[in-house]
Each structure stands twice: as structure tokens, then as C-alpha cells.
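Single-structure report; data block below.
The values are calculated or read from the model by the stated rules, or taken from the named source; none is laboratory data. In this text, all values refer to a predicted model and were calculated from it rather than measured experimentally. Methodologically, a virtual Cβ is constructed for each residue, glycine included, from the backbone with ideal geometry; neighbour enumeration extends over all protein chains shown. Calculation scope for accessible area: heavy atoms of the full protein, side chains included, ligands and nucleic acids excluded. Shrake-Rupley method; radii C 1.70, N 1.55, O 1.52, S 1.80 Å.
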Amino acid sequence: MPDRERVGLVVNGEPRLVEVEPRTLLVHALRDGLGLTGTHVGCDTSQCGACTVLVDGKAVKSCTLLALQAEGSEVTTIEGIADEAGLHPVQQAFVEHHGLQCGFCTPGMILTALDLLSRDPDPDERTIRHALRGNLCRCTGYQPIVESVRAAAEALR
Amino acid sequence: MTVVGTPIKRREDEALLRGRGSFVDNLTLPGTAYMAVVRSPYPAARIVSVNLDAARAAEGVIAAFSGADLADEWAGPLPCAWLVTEDTKNPPHYPVAIDVARYQGDPVAVVVAESRALAKDAAELVEVEYEPLPAVADVEQALSDGAPLVHEELGTNECYVWKLETDGIQAAIDAADVVVTRRYRQPRLIPNAIEPRGVLAQVGPTGDVTLWSATQTPHIQRFVLQLVLGIPEAKIRVIAPDVGGGFGSKIQVYGEGPLAIVLARRLGRPVKWTEERSENYLGTIHGRDVVHEVTFAATKEGKITAVRSEAWCAMGAYLELVTPGIPLLGAWLYSGPYEIPNYSVTFTGVFTNTTPTDAYRGAGRPEATYVLERTMDALARELGMDPVELRRKNLIREFPHTMASGLTIDSGDYHASLDRLLEVLDLDAVRAEQAARRERGDVKQLGVGFSTYNEMCGLAPSRILGAIRYAVGGWDSATVRFQPLGSVQVVVGTSPHGQGHETTFAQIVADRLGVGVDEVEVLHGDTAISQLGMDTYGSRSLAVGGIALWQATEKVIAKARAIVAHQLEVSEDDLEFADGTFRVKGSPDRSMDIKAAAFAAHAAHNLPDGMEPGLEETATYDPANFSWPGGAHAAVVEVDTETGDTRLVRYVAVDDVGRAINPMIVDGQVHGGLAQGIAAALYEEGVYDAEGNLLTTTMATYLVPSAAELPSFETDRTETAADNPLGVKGVGETGTIASAPAVVNAVVDALSHLGVTDVPLPATPERVWNAIQEVRS
């Protein structure tokens, strides 16, 4: 095996240690190292956004940084935004407004929406569309996703 | 309570929203090994040698094989199920190329290692000596004299010629007042399901095979795997877990599935392969890539008298599952929703050194609808007639309507859709704004484009499929099973990948059985659970699978009725069934609910003589006809005449998809379809250079639109009932079929006062700008 190093992260509120190769991307550390397979891989050029997570509260495509670069960071994945009792208001809005079909891009969409709503609690349609431009969806045509985010904003205010 | 027709929320959502989807790449078995595929960088090359020594010696590598190493594993080549003529050429196609690589991305070797990264590292160490051969990527060049041959042994690049023609077509064209001929090139489209393909193969101790696959077609996979591997279907289980979109590109039986099974068997370990996106661009089928020449003939009053279409259709380097048949899915749609008495369609299939083409959303029907609707506008210009009026004059008025091409459209009201469209659009206001901008010479000009369309879906009547040489049938199956204590299990032969079948199908069954929608569980996508089925594509799941489900439900009710009649000692005819309860006519206090009948069926203490215990029925449904959705769409675009930049300002879609079981899901299907058709009109193009190198190999160069490029759509519906028990027509492809011509017609309309009559696909700023410069110079 190539040299492996340990990287310490706070993932969904829990301190975690994960063994990685120096070249391992954060997304693979999350998926293969920690079993958090809700973070998906849809491309290899950082276009699709399916792997978006929050790193220290900001939406980051987790294929764009090495796991080692995230050392000490707080990482939030789709698994970490709601407990068993109920969905997060953003997730619930996606249910209500049919913001997902196949669901593969959805975790990334949700985390990008969370990032947007943390900065702008009342985004208009144009703002939402621009905020989501790094997350590709092939099923919905985006309109219900935009509606979901608007509804989530209202629910969170 | 009635749930059919209501937008209940999807039961599929919660797991997906929590990141608990069962996508293949999320599944790993103990001891899983990882496969990487080495692909030809050359569009055409002789494989002189494959040296695997360095790869085999690399860290973590379990095995590495060339195509020649694996040649004995195949019981047969990867089959094509639709050889459209007796003499369609179907050169052998194996999971790994042996002597010659025929497109960029053709697999030439395979490596298995302890991790995905190590497999990729080792794949880099495989040394393949190639002798590059001349290649051809363009359909017209491929048919020219002296063109390089994709398959030398065939002596030609022509795969087939298929023709459908009514008598007297030439005479009709000769006799016409007006004849319009146009050529169109529809480029390659790359489907881009956001989940790439993937497989995980496990071979058990008795040689039984389980394949988890990101596929639309678990039943077809199982069938084809027997042909390729020689393993009896009965020993093969294919599971399509959560599948992240398909759009036609996950119908095919690709080489990686059988390859992973062979390696799992050889190595005694589960083998997993996950496609990378850049690999997907090369190794997963493309759509379109067709050149058309179309002639319309009409009277000077605008009555269309004949349509003749000739098309040259790229097959790519090999025939995938239904490659040659894709154009045929559009073969009856070149007259669309119009009454046109003379008809001629010819398709020439052409091999090129490119990734194989196959079904991409709409499959054949967008191609036909595009040339039809673009030529409608060209004819309107020629006649000096408003494009809406020309359409009105020719729309079919009475149903059922048998077309000149021979098929019968069961239902529709095309005028109603068009009327509603114009109402939502407020065409007069759009035209007034357009006129004002033209008047003041605005840099940003406005255009409005139309597409009135219909489509042939609900694939498909088996007899017709047989007549057009498809290898198997088009029916589907469903099982409805009462559990002893009254919950309902439904097993369907269709296999969803985002369409929400679990929700929609539960609505149908719950309503009919009079049970709660949450009491109905829908199972699918696993050949061990769903033994019979023809899977999901061609807007067939509801229009075919849904009817099978209806029939199975009716059979359950019939059996329950016999049980209740027996136990209440009345005749079956004396029983009414509503809201889940059988009541004796005239004495409504004498009743038994269907759940009690289910328990009685299970206990079997008191059943009619000879009746088998249990309350479970299976039905198969073979449609007598295709289903025929239709409608009217309009696009409004703003074109910057200085830069060519085109923005879609509004999109109005009025569709008749028959009865909507879940209107929320129906709207979602329309939206997604529109986005893909609009993308084809404005953004997406898979580009090969003249030597056959794919230039668009990432999402950075192939422009899948984001939320920022698209507007909110204005959708509405008119409804005529299809000729089936649910009145449903299918909705998966309407948006894609109708939208591309509406958008391009709008772009041309925006520039028509300058003299622009055509803009090639996709209407990128550069192409639009060039079109403007051409007429200005």
C-alpha cells in the first residue's frame, strides 16, 4: 500500500480519524474511509457538484481538495443535517416541491442551498439559480429545485 | 378517498434526501476488488501487442487481461436486438477488443486491483502497441468513395437502408403548388445521467451470478448475459438498486457487466467497476448524430400534400442493443399531428469510428419532430403564411385517425392544446413587443417559435415490434399480492430510475382496492423478485406496465369477489365492490371487506371448491397500439444581434399525456424533458474532429445547462383519454421531443426580419452570430 497518513476531521459534529493516501480526495475519504456514501461522485472535473459538502460552513466540492487539506476542518455531509426525528426544512421543502427525481445530485444541491441560505435568508429566483450553477441536475430542469429552495428559505425565516 | 389524480408526495424521497440511496457505487461486498478498463486512445487502430507485465507487477494488482486473454470467455458477442432489415450488418462486438480498436474509448485491456486508485494506477502501466488506422467520424464522409472502413470485412460503412413509402409520393410532389426542401444536421448528444454507470458482480459457489447494475433494464440484462456468458438466465440475478437517471443510456448491455462477472468468477471475489465521467463520454452511448433532407409539398392555400424524408444516421463503431432501430422509433412521426396523405421515409444506417449511438431521451422521435417542425416554419415562410395558421390548417381533427404511414392514433385534441397554448402565451402581446423592438432597431431582438407535436410511445405492441424485426416483445407484467393481514405487495416489471413509480403505482392500486396508499408496497428492479418484465424506456412504464398492474388488480378483485360470494352465499353478480368492501346489492349491511377476503384466502378454511389458497394475481399486458401523447409548445427567445447570445425568456408547454395519475410527477417529467430538449437547441453538442477524436470529453466542454441558463417553464395540460383502462399515454419524453424545434424556430423568428432562415444546432452565440453575418454580407 502507498504511504498512508491520518487526517483528523470533525464530521457531522463527531471527531473522526481517517487513514488516507496523500493523494486521496476528501470525497473519497468520506465515502471509502468513513462510509458516508451520501456524498456522490458524478464527474471527474469538478463540474457536477454532486460531491458538495460544507467545510467550515461553506459549500465545497469535496473532489476539489485533498483530504489532508481538510485536516482539522468541520465537515458537514448530507447524513449530518437532520436526525432520525425528522427532515431538515430544506430536505422537507424538496419533498413538498418535487425537488428531486433520481436523487443522485440531491445531496449536493441541498448542501449548496444550505450555504446560500446561511448567507442570504431571502434569495430571489435569480439569486438561487446563480447559487446553484455549480450543481448539475439532469432530471428536474431545476425549476422545482428553485421552488424548493425558496420554500425552504421561507420555512427557515 | 381517491388518490389517483392528486399530487401526493413521493415515498422515494426520504432515503434519497438523507443520503441513503443504494446507488451501485455505494454498495461494497466483503473482499470486493476493483476493475479499471484500459481504452483505446485511437479512433481506429490495430492492436499489435498488449504488454501487461508492468501492470501485473504493480502494487495491489490482482490480475490484468487483454482482449485476447478473455476471448474464450464469451459464449457470444454483445448482441443487437433490433436488426431492422434482413441484411442489416452486425459486426461482432466483444466486451474487450481483440485485434482492432474501432473508436476512441474501445476497451482493450482490463485490470483488477485492491482499490479503485490502484486499479487506475496499474491501468496506466498497461503497454499497448497500436498501429493507427485511418478513421472516419462523419456520416456523410463515411459513405463517400474511398472512405476508411470501420469494419474492413464488410466492404462498406453502410449498415442498412430502411424505407417506408406510400404509393404515388413522387407524383404528389410533382403536382404540388409549393415544394420546400431543407437539410438539417442534428449533432451528437451525450446523455449525461449524473450517476455514471457502474456494476458490482458476485459469483456464488454454484456458479450463480448476482449483478448489481446502474441500469434501466435488469430483465434485459439477464437475458443478454446468458447469450454473452452462456450462464443460464435461471442462475442470474440482476439488481437495479437506486439508479441515478438514465435517459436511455442505461438500457444497453455494456461490456463492463459481463466483464465484471467473468473476472469475479476467475478471481473468486466480488468485482466492482464505477465509470468516471470522462470515461462515460467515450464509453456510454451517444444519441442523435443524424443528417436529414426533407421535402414538403403543399397547395398554395397551405394544405400539405406530401412529406418525404431521407436520413443518414450514425450507428457509431458497433451496434449496441437497439442502435439500428432508433431512427425507426421516429419513422411514423414525420407527419406528426398533421394530416398528410403522401409519405416517404428512408433511413440509412452508417458506421463511423465513434462511440455507438442508441436511445437518448425521445430516441428517433425528437429527430423526426425537429425536422418536421422546422420545415413547417420554412413552408410557412415560403407561403407567406403565419406559422400558427399553417399548423392549424393541417392538424388532425378527428380521432381515431389512421395515418398515411399506416398506424392509427387513438386519441387527441391537437386544436385544444394549441388554443390553450396561445391563451397562456398571449401571442399578440409577444408579437407587439417583437414589432416594437424591430421598429426601434433594438440590439436584442425577440423571437417566438412553435412546435405542435405528437409522439408514439408506450413501447410497444409486440406484433408490431415483430413486424419491424425487434427481437422480443413489448408487453409488461405486474403482480398484486395481498399479504394475509391485509397489506398489499405489488411487483412490477418496469424499473424506475427517478420517475417515482413506487408512488404512482401505489396510487393506482390503492384506489382500485380501496386500501390506504401507504398499505401498498411496490417492488421492482430485482429479477429475483420481479421475474417477468421488459423494464423502463420509451415512456412505457405507466402506459404498458401500469395497465398490467391494473389488470392484475382486477384479477385480485375478481378472486376476492368469488371468495366473498361463497362465504356470504350469494351470487357474484349480487356483489358490489367499492371503497375496499363487497356489499350485497339491496342489503348493504351484508358485506365483507377485501382484507377479510384476503385472510380467508390465506386461511383457506372455507373457499369455493377447487380454488387455490392465497390472494395474489399476475397479469401481463401487451398493448394493441402505441400511445400517442401530443400538444403544443412555444418558446420566446431574446437574441443579442451583436454577440449572437441567445437567452430563452419564456417556455410554454401544453401537453396531452392522457390522465395524470400524479400531476406533480407528470410536471416533473415535463420539466426535465424540456431542459434536455432546450439544451439540444442551444448548448449541447458532442464534437468529433475529422480523425475521430472526441473533443468534448468533460462537462467543461460539453455544456449541460445549469439552473442559471434555464427559465421557469409555464406548463399546462389538456386531456383526452387514451384507449386503455387508465386513459394514460406516458410523459417521459414529451418535453424533449417538442422543445428543440420550438426554440430554434424562435431563434430564426427573432432574426427573420434580417433575412435569416436557418441556424444550425445547437444555436450557440457563434452560430447565431455567423448566421447574422451571412445575411448581412
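Tabulated results
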quantity	calculated
FRET efficiency for B:GLU86 and B:ASP145, using Cβ-Cβ distance with R0 set to 22 Å, rounded to 0.05	0.25
Drop in accessible area of at least 40 Å² in the complex versus isolated chain, residues of the stretch B:670-687, 1.4 Å probe	B:HIS671
Calculated Rg and Dmax of the stretch B:618-777 using C-alpha coordinates, Å	18.6, 68
Ellipticity estimate at 222 nm from DSSP helix runs (n ≥ 4, -39,500 (n - 2.57)) divided over the protein assembly as shown, nearest 500	-8500 deg cm²/dmol
Qualifying GluC sites (Glu not before Pro) in the stretch A:1-73, DSSP loop, other Cβ atoms within 10 Å at most 15	A:GLU71
Convex hull projection area averaged over all views, chain A, Cα basis, nm²	9.0
14 Å cut-off, amide nitrogen to a point 7 angstrom out along B:GLU152 Cα→Cβ, residues in the stretch B:80-117	B:99-102
Cleavage-rule hits, trypsin sites (Lys or Arg not before Pro), the stretch B:576-617, DSSP coil, Cβ neighbours within 10 Å at most 15	B:LYS585
Dipole magnitude of chain B about its Cα centre (Cβ charges: Lys, Arg +1; Asp, Glu -1), debye to nearest 20	560
Protein-protein interface of the stretch B:190-212, residues with accessible area decrease of at least 40 Å², isolated chain reference, 1.4 Å probe	B:ILE194
Space enclosed by the convex hull of the alpha-carbon atoms of the stretch B:379-479, per residue, Å³	206
Efficiency of FRET between A:LEU156 and B:THR643 - r from beta-carbon atoms, R0 45 angstrom, step 0.05	0.70
Carbon + sulfur, % of accessible area of the protein assembly as shown - ligands and nucleic acids excluded, 1.4 Å	48
Calculated diffusion of the stretch B:88-172, Stokes-Einstein form, Kirkwood radius summed over Cα pairs, 4 °C and 1.567 mPa s, µm²/s	78
Scattering curve values for chain B, log₁₀ I(q)/I(0), Debye with Cα scatterers, q = 0.05 Å⁻¹	-0.27
At R0 = 51 Å, FRET efficiency that the Cβ-Cβ distance of B:VAL161 and B:GLN483 yields, to 0.05	0.40
Between the stretch B:333-401 and the stretch A:86-157, the alpha-carbon center distance in angstrom	37
24 Å Cα-Cα reach of B:LYS303 towards lysines, excluding residues that sit fewer than 8 places from it in its own chain	B:LYS393
Hits among aspartates and glutamates - C-alpha to C-alpha of B:LYS559 under 19 Å, sequence gap 8 or more where chains match	B:ASP511, B:GLU569, B:GLU572, B:ASP573, B:ASP574, B:GLU576, B:ASP579, B:ASP593, B:ASP609, B:GLU612, B:GLU616, B:GLU617
Cα-based helix-to-principal-axis angle, A:106-119 vs chain A, degrees rounded to 10	70
Euclidean distance between Cα centres, the stretch B:650-713 to the stretch B:1-71, Å	25
For the protein assembly as shown, Kirkwood radius (reciprocal of mean inverse C-alpha pair distance, Å)	28.9
Given charges at Cβ of Lys, Arg, Asp, Glu: the stretch A:5-80 dipole, positive-most of A:LEU30, A:LEU54, A:VAL18	A:LEU54
Contour minus Cα-Cα distance for B:ALA57 and B:ALA624 (0.36 nm per residue)	198.2 nm
Zone residues, the stretch B:719-737, relative to B:GLU423, backbone N less than 18 Å from point 7 Å out along Cα-to-Cβ	B:719-721
Length released on extending from B:THR757 to B:ARG440, taking residue separation times 0.36 nm less the Cα-Cα span	111.9 nm
Most to least accessible of B:LYS250, B:LYS120 (protein chains only, probe 1.4 Å)	B:LYS120, B:LYS250
Cross-link pairs beyond the 22 Å C-alpha cut-off, checked among B:LYS89/B:LYS163; B:LYS120/B:LYS235; B:LYS235/B:LYS272; B:LYS555/B:LYS595; B:LYS300/B:LYS444	B:LYS120/B:LYS235; B:LYS300/B:LYS444
Space enclosed by the convex hull of the alpha-carbon atoms of the stretch B:97-234, per residue, Å³	244
The stretch B:475-621, relative contact order in percent, only Cα pairs under 8 angstrom and at least six apart counted	33
Net lengthening on full extension, B:ASP589/B:LEU29 (0.36 nm per residue, minus Cα-Cα)	195.9 nm
Label point distance in nm, B:ALA708-B:ARG397, each placed 7 Å from Cα along Cα→Cβ	5.1
The stretch B:374-494 - percent relative contact order, Cα under 8 Å, separation 6 or more	11
Lys/Arg +1, Asp/Glu -1 at C-beta; the protein assembly as shown dipole; positive extreme among B:ALA624, A:GLN101, B:THR734	A:GLN101
Accessible area per residue, Å², the protein assembly as shown with all protein chains present, probe 1.4 Å	35
Chain-alone versus full-assembly comparison, the stretch A:33-67, residues with accessible loss of at least 40 Å² (1.4 Å probe)	A:THR37, A:GLY42, A:ASP44, A:GLN47
GluC sites (Glu not before Pro) lying in DSSP loop within the stretch B:552-633, provided at most 12 other Cβ fall within 10 Å	B:GLU569
Accessible area buried, both sides summed, chains A and B with 1.4 Å probe, Å²	4400
Space enclosed by the convex hull of the alpha-carbon atoms of the stretch B:475-621, per residue, Å³	106
